Amino acid sequence: MSEHKNTVALANRILFQNGVLDAFGHVSMRNPLNPNEFLLARNMAPAQVTASDILIFNLDGLLVSDSSEKSYLERYIHAAIYSARPEINSVVHSHSPAVVPFTIVPSVRLRPVCHMSGFLRGLVPNFEIRQHAGPGSDLLIRDLYLGNRLAETLGKGAAVLMRGHGFTTCGESVQEAVYRAIYTQNNAQLQAAAMAMGEIVYLTDEEAVAADMANMGQISRAWNFWTIQADF
Ligand SMILES: [Zn+2]
């Protein structure tokens, strides 16, 4: 288990170093020893997470580890996606300021503009929490009901935007989820820059699928590089 906790701690630091997480946001991993559990840090800034900070939760978002540490309020994001998507083994939730603008301008949709983000093919859904929590919520996914609604909006996709809040992405491995989180943010930066220049030529769905397949074989190269950067 210590190896898996190390991987989650490393993912936290990689995502911090790449600007996807700051004092907030989190990354989790389905427990390889029990698919009905997941590993997630205690309530703390991602940059400071070490293996000893990783706790185990069940798919109701309840703490399994024997610990009195505070948990992240939004752990239900992870619990609900692991319940809904058996093939998913890692989830990243981010408040990236590069992505948030795409959650709050209804006429603009996040779409793949670059071969590195082919996994964003189609229209990335935007979760409107008002439809489920009314007009006065704090926008946080603070219970399993809201987590399940978010997972429904994600559907079979790779990422879901969250209006006025951020985004959540997932993958079949920690490496894939981290890659998708970094390149969701990267695509948002590129798309915003291009929109300021003029009309955009987006990837076709066919290009996005082909690019995504090509990139899947390259993820370990990126992970190894990010590991060296973040291994402090
Ligand atoms: Zn959040």
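Since every read-out is calculated from the coordinates, none of them should be taken as a lab result. This is a predicted model, so every value here is computed, not measured. For neighbour counting, all protein chains shown are included, and Cβ atoms are generated from backbone atoms with ideal geometry for every residue, glycine included.
Summarising the strand pairing of the chain, around 90 percent of its internal DSSP beta bridges are antiparallel. The H on the amide N of N89, modeled in the peptide plane, is under 5 Å from the matching H of G171, E172, S173, each at least 5 residues off or on a different chain. From least to most packed, judged by other beta carbons within 10 angstrom and beginning with the fewest, T7, T169, T227 follow the order T227, T7, T169. Spacing of the modelled spin labels on L123 and M44, each 7 Å from Cα toward Cβ, amounts to 4.2 nm. Taking the longest Cα principal axis of the chain as reference, the axis of helix 219-230 is set at about 60 degrees.
Remark: relative contact order (the chain) = 23 percent; criterion is Cα-Cα distance under 8 angstrom and separation of 6 or more residues. Close amide H partners of E37, meaning residues 5 or more places away or on another chain with modelled amide H under 5 Å apart, are N31.
In loop segments of the stretch 133-201 as defined by DSSP, the GluC sites (Glu not before Pro) with at most 12 further C-beta atoms inside 10 Å of their C-beta are E199. Averaging Cα coordinates gives a centre for the stretch 1-24 and one for the stretch 194-214; these two points are 29 Å apart.
Shape call for the stretch 118-161 from the C-alpha gyration tensor, a ≥ b ≥ c root eigenvalues: rounded (a/c under 1.5), prolate (a/b greater than b/c) or oblate? Taking the square roots of the gyration eigenvalues as a ≥ b ≥ c, the stretch 118-161 is prolate. The sum of -39500 (n - 2.57) across all DSSP H runs of n ≥ 4, divided by the residue count of the chain, sets its helix-only mean residue ellipticity at 222 nm to -12500 deg cm²/dmol. Working note: Karplus 6.51/-1.76/1.60 with θ = phi - 60° gives the stretch 95-106 the couplings 10, 3, x, 6, 8, 3, x, 6, 8, 10, 10, x Hz, where Gly and Pro are set to x.
Computed on the Cα atoms alone, the convex hull of the stretch 18-151 gives a volume of 136 cubic angstrom per residue. Please work out the Kirkwood hydrodynamic radius for the stretch 104-232, using every pair of different C-alpha atoms, and report it in angstroms with one decimal place. Every distinct Cα pair counted, the radius reaches 15.9 Å. Over the stretch 12-110, Cα pairs under 8 Å with separation of 6+ residues give a relative contact order of 28 percent.
In this structure, the amide hydrogen of N43, modeled 1.01 Å from its nitrogen in the peptide plane, lies closer than 5 angstrom to those of K70, S71, Y72, counting only residues at least 5 positions away or on a different chain. If contacts are Cα pairs under 8 angstrom and at least 6 residues apart, what is the relative contact order of the stretch 161-232 in percent? Averaging sequence separation for qualifying contacts and normalising by length gives 29 percent for the stretch 161-232.
Taken along its principal axes, the alpha carbon cloud of the stretch 87-128 reaches lengths of 32, 23, 17 Å, longest axis first.
Over the chain, what portion of Cα pair distances is larger than 23 Å, expressed as a whole percent? Distances greater than 23 Å cover 44 percent of the Cα pairs.
An oblate overall shape is assigned to the stretch 60-102, the ratio a/c of its alpha-carbon gyration tensor axes (a ≥ b ≥ c) being 1.5 or greater and a/b not exceeding b/c.
Using only Cα atoms, find the angle between the long axis of helix 205-216 and the longest principal axis of the chain, and express it within 0 to 90 degrees, rounded to the nearest 10. Approximately 40 degrees, to the nearest 10.
In order along the stretch 156-167, phi translates into HN-Hα couplings of 8, x, 9, 8, 9, 7, 9, 4, x, 9, x, 8 Hz, rounded to whole numbers, per the Karplus curve 6.51 cos²θ - 1.76 cosθ + 1.60 with θ = phi - 60° and x for Gly and Pro.
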